[in-house]
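Scroll down for the structure; my scribbles are underneath it.
No lab work stands behind these numbers, since they all come straight from the coordinates. What you are looking at is a predicted structure, and each value in this text was computed from that prediction instead of being measured. Don't worry about glycine lacking a Cβ; one is built from the backbone with ideal geometry, like all the others, and counts go over all protein chains shown.
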């Protein structure tokens, strides 16, 4: 895209099930704002299985997977996290169920296109599952040139500044298969954009690495994206993190 306590009760000492954290936002919103936006939200450290009840959509799969990859000079590919919307596609009434950062992404908008909701969902998952906090949205990030590829938003995970670029695997008309060539084209295009935006971002907004968050429309798309990734050369992959999110249930709103 072109152109941003009180003492614990005795029962609390019983073993707890690990869950994904629901992180709040930076930029004056406070680190705890994202917490308590739904019933049953976890207070874990981002490890273990995804939180099924918190926020919008039920998360399953491993959370807290971004560790050494945050600062490593080598690329990495992560899959296994899924979000199930059931028969409840996102609409305006669901806005309060999103983390504060996801709400800000929707409020600020983007540089064009139909991707703002998918960008908000992408951040929401990173906040709930990896403890991410929002730094800047797409239109807030500054660049050193007026014409450049840009990133969708920046986040902080464990003190590391990362840029995030979602890419969707939906195919039209609906029900058409995703080919390996098309999967490669989409992934390679985003990776090329990552190199350009990283070269042109202003120093004050610079990030350490970029994440391409693949929003997979169906389960069959996940191994295709992995196959496409494995075939790319080292220069194209650079040090990028690819984070695959499988979307299940009524997910058509992600392309509207």
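Values as computed for the structure displayed
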item	result
Region 97-256, Rg to Rh (Cα coordinates; Rh as Kirkwood inverse mean 1/r)	0.94
Net length gained if the chain between residue 67 and residue 199 were fully extended (0.36 nm per residue, minus Cα distance)	45.1 nm
Region 120-213 shape via C-alpha gyration tensor axes, a/c threshold 1.5	oblate
Relative exposure of 195, 245, judged by other C-beta atoms within 10 Å (fewest first)	195, 245
Residues 197, 176, 115 arranged by fewest to most Cβ contacts within 10 Å	176, 115, 197
Alpha carbon centroid spacing (whole Å) that separates region 127-186 from region 54-94	13
Likely footprinting exposure, 243, 143, 90, fewest C-beta neighbours within 10 Å first	143, 90, 243
Å³ per residue enclosed by the Cα convex hull of region 203-248	74
